[in-house]
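Below you'll find the structure, written out as structure tokens, and then a few comments.
The values are calculated or read from the model by the stated rules, or taken from the named source; none is laboratory data. No experiment lies behind these values; they were computed from the predicted model shown. Heads up, the Cβs are rebuilt from the backbone with ideal geometry, glycines too, and the neighbour counts pull from every protein chain shown.
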Amino acid sequence: MAESKLTIEERHDGDVTVLVLTGQILLDDGDLAFGRRISGLIERGRTKVVLDLGGVTYIDSSGVGMIVFQHKALKQAGGDMKLLNLNRRAETLFGMLKLLITFERFEDEAAAVRSFGWAANRDRGTGQRDI
């Protein structure tokens, strides 16, 4: 099998996993690699994910579909996925598919990571949200 056109760098900030995607998310290539990575995170109990798409040069509809599918899987496991650094093409594609309302989007990684704490405060009913 040929080498994937998508590379995924994984790092951790507390209980939040940051995945930095670089390259292309395509049918039967990047979408599968991404799906395997998220499934592995869920198996390890790491269900809070920030997905940095700033290095993605191309994404097709199957790539978007895999992101949506894995977002749902994370939610079902008690977690969430936040999007970081959507480029213009990805934002247009997500917008055309009416998916921008489904995902929280950020331009700043630290803010995306902190947003998981805000969600935990909201879930506990403290109502504290530092904006």
Problem - Residues being touching a residue at least 12 places away in the same chain (Cβ under 8 Å) and either part of a loop (DSSP other than H, G, I, E, B) or acidic (Asp, Glu) (or both) - total across the stretch 92-107 - result: 6
Handout entry: Count - residues of the stretch 29-40 that are surrounded by fewer than 21 Cβ atoms within 10 Å (Cβ to Cβ) and of a type outside the set (Lys, Arg)
Key = 6
Handout entry: From the options ALA110, ALA33, residue that is modelled with pLDDT of 95 or more and part of a helix (DSSP H, G or I)
Key = ALA110
Practice task
Specify the residue that is modelled with the highest pLDDT; the eligible residues are those in the stretch 48-64 that are among the charged types (D, E, K, R) and out of contact with any Phe, Trp or Tyr (no Cβ under 8 Å at 6 or more places or on another chain).
Solution key: ASP52
Practice task
Scan the stretch 46-73 residue by residue and report those that are buried (at least 18 other Cβ atoms within 10 Å of the Cβ) and touching a Lys or Arg at 6+ places or on another chain (Cβ under 8 Å).
Solution key: VAL49, VAL50, LEU51, ILE59
Fill in the blank from the handout: With the first residue restricted to the stretch 1-20 and required to be farther than 17 Å from SER39 by Cα, and the second required to be surrounded by 12 or more Cβ atoms within 10 Å (Cβ to Cβ) and of a type in the set (Val, Ile, Thr), Cβ contacts under 7 Å at 6 or more apart or on different chains are ASP13/VAL113
